[in-house]
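**Q** First the structure, then my questions, so here it is.
The values are calculated or read from the model by the stated rules, or taken from the named source; none is laboratory data. All of these numbers come straight from a predicted model, not from anything done at the bench. In this analysis, Cβ positions are derived from the backbone assuming ideal geometry, glycine residues included, and neighbour counts consider all displayed protein chains. What goes into the accessible areas is simple: the full protein's heavy atoms, side chains included, and nothing from ligands, DNA or RNA. Shrake-Rupley method; radii C 1.70, N 1.55, O 1.52, S 1.80 Å.
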Amino acid sequence: MLLEHEITIRVRYCETDAMGFLHHANHFNYFEMGRTELLRAQGGNYRAIEEAGLFLVVVKLECRYHAPARYDDLLTLRTRVTRVSAVKIEHSYELYRDQTLLATAHSVLACVDRHGNIQRLPESLKADVPRQP
């Protein structure tokens, strides 16, 4: 199973603040894009998971900002699966402009049903990464 994937993102004007920098909140949208495209590159998609009655909800998301991005910058986001348990999947993120590291982040997603009850991850999401009990 594919454990790492990269996407290219161009900072849009609407994603910047009054100073022309990428607004800090938009990093989280980029991380979601990274997770979605990693899953797609693995041959899966969130729509199919949700149609099966399962949902991956963010239970933890941390970001550290190292340098700013500006309007029209071309960025590279690297997303990795770092850990999988029976009910959770963890990702790490690195956002770059050329060779400059702009942000690092980590997320934990839990698998739940339509009522918010914890469920086991589908087999298709289980990867060969360090596992938690």
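**Q** What about residue 48, is it assigned to a helix (DSSP H, G or I), farther than 15 Å from residue 5 by Cα, open to solvent by less than 80 Å² (accessible area, probe 1.4 Å) and not aromatic (Phe, Trp, Tyr)?
**A** Values: assigned to a helix (DSSP H, G or I): yes; farther than 15 Å from residue 5 by Cα: yes; open to solvent by less than 80 Å² (accessible area, probe 1.4 Å): yes; not aromatic (Phe, Trp, Tyr): yes.
In short, yes.
**Q** Which residues, taken from region 24-45, are open to solvent by 50 Å² or more (accessible area, probe 1.4 Å), closer than 22 Å to residue 67 by Cα and not acidic (Asp, Glu)?
**A** 24, 28, 29, 33
**Q** Residue check, residue 58 against (1) free of Cβ contacts under 8 Å to residues at least 60 places away in the same chain; (2) under 20 Å from residue 93 (Cα atoms); (3) open to solvent by less than 60 Å² (accessible area, probe 1.4 Å), all met but one. Which one?
**A** Of everything listed in (1) free of Cβ contacts under 8 Å to residues at least 60 places away in the same chain; (2) under 20 Å from residue 93 (Cα atoms); (3) open to solvent by less than 60 Å² (accessible area, probe 1.4 Å), residue 58 misses just condition (3).
**Q** Right, something else. Could you pull out the residue among 95, 74, 121 that is within 19 Å of residue 42 (Cα to Cα) and not charged (D, E, K, R)?
**A** 121 is the lone residue from the list that is within 19 Å of residue 42 (Cα to Cα) and not charged (D, E, K, R).
**Q** Return the only residue of 56, 2 being in a strand (DSSP E or B), hydrophobic (A, V, I, L, M, F, W, C) and within 30 Å of residue 114 (Cβ to Cβ).
**A** Answer to the selection: 56.
**Q** Condition check: surrounded by fewer than 16 Cβ atoms within 10 Å (Cβ to Cβ), under 29 Å from residue 15 (Cβ atoms) and free of Cβ contacts under 8 Å to residues at least 60 places away in the same chain. Does residue 101 satisfy that?
**A** Judged against the criteria, residue 101 is a match.
**Q** Any residue that is out of contact with any Lys or Arg (no Cβ under 8 Å at 6 or more places or on another chain), more than 19 Å from residue 1 (Cα to Cα) and either part of a strand (DSSP E or B) or modelled with pLDDT under 95 (or both) - is there at least one of those in region 23-35?
**A** Scanning region 23-35 turns up no residue that is out of contact with any Lys or Arg (no Cβ under 8 Å at 6 or more places or on another chain), more than 19 Å from residue 1 (Cα to Cα) and either part of a strand (DSSP E or B) or modelled with pLDDT under 95 (or both).
**Q** State which residue is farthest from residue 123 (Cα to Cα) when the search covers only region 62-80 and only residues that are open to solvent by less than 60 Å² (accessible area, probe 1.4 Å) and in contact with a helix residue (DSSP H, G or I) (Cβ under 7 Å, 6 or more places away or on another chain).
**A** 63
**Q** Would it be correct to say that residue 67 is in contact with a Cys (Cβ under 6 Å, 6 or more places away or on another chain), under 30 Å from residue 20 (Cα atoms) and modelled with pLDDT of 95 or more?
**A** Here the answer is no, as residue 67 does not meet what is asked.
**Q** Going through region 1-23 one residue at a time, which ones are more than 15 Å from the chain's Cα centre (by Cα) and open to solvent by 60 Å² or more (accessible area, probe 1.4 Å)?
**A** 1, 10, 12, 13, 14, 18, 19, 23
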